[in-house]
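First the structure, in the form of structure tokens, and then the observations on it.
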Amino acid sequence: MNTAFRFLALTAALAMPLATAHAARIKDICEIQGARGNPLKGVGLVVGLAGTGDKSVDAVRRQLRMLDRFDIEVDKLDDLISENTAVVVVDATFPAFAKEGTRIDVRVNSIGDCESLEGGTLTETYLYGPGPAGADSTVYALAQGPVSVGGFNAEGGGGGGGAAVRKNHTTAGRIPMGAYIEREIPSTITDGERIILQLKRADFQTAENVRLAIDGEFGVGSADALSASTINVRIPKDEQSQLISFIAKVEEIQVEAALPARVVINERTGTLVVGGDVMIKPCQVAHGNLTIEVATTPAVSQPAPLSEGETVVTATTDLLAVEEPGSLMPVNGTSAASVAKALNRLKVTPRDMISIFQALREAGALDADLEIM
């Protein structure tokens, strides 16, 4: 049994209980409305590159603006032309409840013809919130620091004709803790009497289970399921002065989360993941492979001694077609475990499994969502 088969069987084995719900904490399946991150963005200049930077005019203009801020005058733009700088897009996520002075990670991505950001340092870059960035925009963070790309480019031989070695993506990098929060973003999670929970994956049954679990912990009427993804939670009067403590208690409540029966397929990588609640109606699957082998054998014809003939090389092609006997296997599956066992008996590859599940869905034998990535 190869790795893919073992993975599929293990996935099924871990999900052997046939119940359609699985215990989880509220904090793992819900988010509190208002407690969310915010994207930040900006455009900056990376300097200190070893001839792998941009060749564009925009890089020169940005160098000029940076020098102007330090009252350094440049007589000719030609004096700034080099390949040691690169124009980059800088982005980060403003965490919920972050305060002024908090340090956050930033991502740096080249937008020009830069070959590598290896060894570069991001100069002072303002990060703005969503929307157009202009003179009236609010600066929420300030980014600066050495860029870590986690890879390298190496070339041998002059003129680009030598061998080249590349590891990872060198035109994108990160600066751990590379930005300081300069302005706070207000976060409102309550009006003093209630909080709103939002399910990460909308489901009517899960929303009802959350409501019942909260009612069981704080009393009947403590929660209302407003939709498949929204639950309104009332804060008891004796807990309103201890909001953080109350939220912590709510998040630790165990809930039976209803999981959809789903088969996820990634045809590009040959990955197949089958959920534990996938149901297969009784059916039969036939599988057979056609293998074609083409072998080319060189044949050398030598001329007779002392003749004026030439050596001739010809090729003989042998074609062999082998069709493995097909097998019709009954699949009386009630869970992913039995489905995996039946498919493993067919000795199919992961890509064959993908085709089989697609055919099962078309035949109406697969009672599950088929999601193709």
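The values are calculated or read from the model by the stated rules, or taken from the named source; none is laboratory data. Nothing here was measured: the structure is a model prediction, and the numbers come from that model. We place every Cβ from the backbone using ideal geometry, glycine too, and count neighbours over all the protein chains shown.
Going by the conditions given, is Ala133 modelled with pLDDT of 95 or more, assigned by TED's automatic domain parsing to the domain that holds Glu83 and in contact with a Phe, Trp or Tyr (Cβ under 9 Å, 6 or more places away or on another chain)?
Details: modelled with pLDDT of 95 or more: no; assigned by TED's automatic domain parsing to the domain that holds Glu83: yes; in contact with a Phe, Trp or Tyr (Cβ under 9 Å, 6 or more places away or on another chain): yes.
Considered against the rule, which asks whether it is modelled with pLDDT of 95 or more, assigned by TED's automatic domain parsing to the domain that holds Glu83 and in contact with a Phe, Trp or Tyr (Cβ under 9 Å, 6 or more places away or on another chain), Ala133 comes out as no.
Yes or no, residue by residue, for (1) of a type in the set (A, V, I, L, M); (2) assigned by TED's automatic domain parsing to the domain that holds Gly150; (3) buried (at least 19 other Cβ atoms within 10 Å of the Cβ); (4) not in a helix (DSSP H, G or I):
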{"position": "Ala59", "(1), (2), (3), (4)": "yes, yes, yes, no"}
{"position": "Asp68", "(1), (2), (3), (4)": "no, yes, no, no"}
{"position": "Asp71", "(1), (2), (3), (4)": "no, yes, no, yes"}
{"position": "Asn84", "(1), (2), (3), (4)": "no, yes, no, yes"}
{"position": "Val88", "(1), (2), (3), (4)": "yes, yes, yes, yes"}
{"position": "Phe97", "(1), (2), (3), (4)": "no, yes, no, yes"}
{"position": "Glu100", "(1), (2), (3), (4)": "no, yes, no, yes"}
{"position": "Arg107", "(1), (2), (3), (4)": "no, yes, no, yes"}
{"position": "Leu117", "(1), (2), (3), (4)": "yes, yes, yes, yes"}
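From the list Val233, Val210, Val220, Val255, pick out the single residue that is farther than 30 Å from Ile356 by Cβ, part of a loop (DSSP other than H, G, I, E, B) and aliphatic (A, V, I, L, M). Can you show your working first?
On the way: Val233 fails: part of a loop (DSSP other than H, G, I, E, B); Val210 fails: part of a loop (DSSP other than H, G, I, E, B); Val255 fails: part of a loop (DSSP other than H, G, I, E, B).
None of the other options fit; the residue is Val220.
Do we find that Ala50 is at pLDDT 75 or above, under 27 Å from the mean Cα position of the chain (by Cα) and loosely packed, with under 15 Cβ neighbours inside 10 Å in this structure?
Values: at pLDDT 75 or above: yes; under 27 Å from the mean Cα position of the chain (by Cα): no; loosely packed, with under 15 Cβ neighbours inside 10 Å: yes.
Considered against the rule, which asks whether it is at pLDDT 75 or above, under 27 Å from the mean Cα position of the chain (by Cα) and loosely packed, with under 15 Cβ neighbours inside 10 Å, Ala50 comes out as no.
Would you mind finding the one in Ile214, Ile244 that is under 17 Å from Lys27 (Cβ atoms), in the same structural domain as Ile29 (by TED's automatic domain parsing) and without any contact (Cβ under 8 Å) to a residue 12 or more places away in the chain? Even if it seems obvious, please write down each step before you answer.
Details: Ile214 fails: without any contact (Cβ under 8 Å) to a residue 12 or more places away in the chain.
Residue meeting the stated conditions: Ile244.
Condition (residue is in contact with a helix residue (DSSP H, G or I) (Cβ under 8 Å, 6 or more places away or on another chain), of a type outside the set (Lys, Arg) and outside any loop (DSSP other than H, G, I, E, B)) applied to the stretch 170-187: is it met by at least one residue? Walk me through it before giving the result.
Applying the first criterion (in contact with a helix residue (DSSP H, G or I) (Cβ under 8 Å, 6 or more places away or on another chain)) to the stretch 170-187 yields none.
The answer is no, given that none of the residues of the stretch 170-187 is in contact with a helix residue (DSSP H, G or I) (Cβ under 8 Å, 6 or more places away or on another chain), of a type outside the set (Lys, Arg) and outside any loop (DSSP other than H, G, I, E, B).
Just give me the residues in the stretch 27-61 being among the basic types (Lys, Arg), more than 15 Å from Ala143 (Cβ to Cβ) and out of contact with any helix residue (DSSP H, G or I) (no Cβ under 7 Å at 6 or more places or on another chain), in sequence order.
Step one: filter the stretch 27-61 for residues among the basic types (Lys, Arg), giving 27, 36, 41, 55, 61.
Subset that is more than 15 Å from Ala143 (Cβ to Cβ): 27, 36, 55, 61.
Matches in the stretch 27-61: Arg36, Lys55, Arg61.
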